[in-house]
Amino acid sequence: MLTPILLLLAAATSTLAAPTTHTDPSKTTTSPRTTHTVVAGRPGLRFDPENIVAAPGSIIEFHFLPANHTVVEAAFDLPCVPKDADSFFGGFFPVAKNPDGGVAQSGEVFQIEIKDEKPVWFYCAQEKGRHCQSGMVGVVNQKVESGRTLEVFRMAAGGFEGVAGMQGRVQGGWRGANPNPNGGF
Ligand SMILES: [Cu+2]
């Protein structure tokens, strides 16, 4: 009578263990770390997704569509200016529209690493069209229970006077050739 019980236990154990080894190949690149793709410039002046949950150690990879977007780190209380002198800034990414009507994106991406579980706020510093005020903002790891949410940040951005980039210096991340041209598309 003992043997069937042991077999059942073995079967149950292997079933439980299986999900822990599962990885989603669509969320990885050549790096073993998780990479979250964010597309800047979908119609409506948005980052997509704009509300990201990312574990420490993972990478956020920004892809850029026409016309000329960027990404800058902000503080929650000042939505459309750099957080400080060390804010990440990807530079601007001018991209021409695809004459065939298909999706065009920059040949370069900007990656940041998520170092801890603190919220990371960001915006587009394109002044033509007032992208930040128009709602082109986003967050990694917002804490909803704190009341400091993406919607509050977006509302503050809408009434913010002025917008600033980082004067052409790319910093706080890696900008280079797009390793994942189909990411997010
Ligand atoms: Cu923009």
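Could you list all residues from the stretch 66-100 that are over 17 Å from residue 127 (Cα atoms) and not hydrophobic (A, V, I, L, M, F, W, C)? Residues satisfying the conditions are 77, 83, 84, 86, 87, 97, 98, 99, 100.
Listed here are the residues, each with its yes/no results for (1) modelled with pLDDT under 95; (2) farther than 25 Å from residue 115 by Cβ.
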residue: 16; (1), (2): yes, yes
residue: 28; (1), (2): yes, no
residue: 33; (1), (2): yes, no
residue: 37; (1), (2): no, no
residue: 53; (1), (2): no, no
residue: 63; (1), (2): no, no
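Evaluate the following for residue 113: is it in contact with a strand residue (DSSP E or B) (Cβ under 7 Å, 6 or more places away or on another chain), surrounded by fewer than 16 Cβ atoms within 10 Å (Cβ to Cβ) and either over 25 Å from residue 185 (Cβ atoms) or charged (D, E, K, R) (or both)? Answer is yes for this residue.
Please go through the stretch 72-122 and give me each residue that is within 13 Å of the ligand (Cβ to nearest atom), assigned to a loop (DSSP other than H, G, I, E, B) and in contact (Cβ under 8 Å) with a residue 60 or more places away in the chain, ordered by number. Once the filter is applied, which keeps residues that are within 13 Å of the ligand (Cβ to nearest atom), assigned to a loop (DSSP other than H, G, I, E, B) and in contact (Cβ under 8 Å) with a residue 60 or more places away in the chain, the stretch 72-122 yields 80, 90, 91, 92, 106. So is residue 130 open to solvent by 60 Å² or more (accessible area, probe 1.4 Å), within 15 Å of the ligand (Cβ to nearest atom) and in contact (Cβ under 8 Å) with a residue 12 or more places away in the chain or not? Yes; evaluated as a whole, the condition is true for this residue.
Within the stretch 137-157, restricting attention to residues that are in a helix (DSSP H, G or I) and open to solvent by 40 Å² or more (accessible area, probe 1.4 Å), the residue that is nearest to residue 81 (Cα to Cα) is 156. Of the listed requirements (1) without any contact (Cβ under 8 Å) to a residue 24 or more places away in the chain; (2) within 14 Å of the ligand (Cβ to nearest atom), residue 145 misses just one: (2).
The values are calculated or read from the model by the stated rules, or taken from the named source; none is laboratory data. Computed from a predicted structure; not experimentally measured. Virtual Cβ from ideal backbone geometry, glycine too; neighbours counted across all protein chains shown. We work out accessible area using only protein heavy atoms, side chains counted, and drop any ligands, DNA or RNA first. Shrake-Rupley method; radii C 1.70, N 1.55, O 1.52, S 1.80 Å.
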